[in-house]
Amino acid sequence: PAVEQAIRDLLRPGDTFVDAGSNIGFYTILAAQIVGENGVVIACEMMPETAKILRGHVTLNDTAKVTVFEGALSDTSGEIIYASHPDGKHGQASIARLHAGPQLAVQTRTLESILESTECVRVIKMALEGAELKALIGLGESLSKLEFLVFENRGAPEVVTWLQERSFEVTRLDGNNALAQGKAPS
């Protein structure tokens, strides 16, 4: 509920929203409804079957302004790495924590490559099951375009430290999530 409320409080019509770790698209659809026809929603999901469901939800909800990128967000693009998830829990797929069971080869992408033609990003929601820091590093120069980051933070002090070293103010939303506020892009 805290993540949903933060997104509702921060997003406005016409904004750009990035759903990094979209899963089946709950936050993607919510953001598309808020930003409206003049806004932009970018959804990133690495698991092919989950991305297929995400695309179906985008179509079902008639959210034409949503662009889906398939790939694992990281600090470099074009590498093949392995993802896994606990049995039956596709929403916990991770490239940072390999689970027992089958592994799937996925290609990496950087947020910088995805956002190269974007001027300003109002909010990124990031839930990457331990791969948040690499994805943030992969923002590169695009970090300066970011106003707010709502991110999963289950005891990963290196993510908070990295953000604070780059002048973001970080506050806790709840036991599992945090909010980072940067300087508004000029």
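The values are calculated or read from the model by the stated rules, or taken from the named source; none is laboratory data. No experiment lies behind these values; they were computed from the predicted model shown. A quick note on method: Cβ atoms are made from the backbone with ideal geometry, for glycine too, and the neighbour counts reach across all protein chains shown. We work out accessible area using only protein heavy atoms, side chains counted, and drop any ligands, DNA or RNA first. Shrake-Rupley method; radii C 1.70, N 1.55, O 1.52, S 1.80 Å.
Brief remarks on what is shown
- With respect to the conditions (1) modelled with pLDDT of 90 or more; (2) in a loop (DSSP other than H, G, I, E, B), residue 125 falls short on a single one, namely (2).
- Among the residues making up the range 16-41, those that are open to solvent by less than 10 Å² (accessible area, probe 1.4 Å) and in a strand (DSSP E or B) are 17, 18, 19, 20, 41.
- Where residue 25 falls short, out of the listed (1) out of contact with any Gly (no Cβ under 8 Å at 6 or more places or on another chain); (2) under 17 Å from residue 149 (Cα atoms): (2)
- Just so you know, in the range 97-119 the residues that are modelled with pLDDT of 90 or more and not hydroxyl-bearing (Ser, Thr, Tyr) include one that is surrounded by the most Cβ atoms within 10 Å (Cβ to Cβ), and it is 111.
- Of residues in the range 149-173 being of a type outside the set (Ser, Thr, Tyr) and assigned to a helix (DSSP H, G or I), the one nearest to residue 126 (Cα to Cα): 159
- Filtered residues of the range 49-63 (kept if open to solvent by less than 90 Å² (accessible area, probe 1.4 Å) and closer than 25 Å to residue 117 by Cα): 51, 54, 58, 63
- Single residue of the range 146-158 satisfying the filter (at pLDDT 95 or above and either crowded, with 21+ Cβ neighbours inside 10 Å or not acidic (Asp, Glu) (or both)) that is nearest to residue 111 (Cα to Cα): 146
- Residue count, the range 129-175 (criterion: among the acidic types (Asp, Glu) and in contact with a strand residue (DSSP E or B) (Cβ under 9 Å, 6 or more places away or on another chain)): 5
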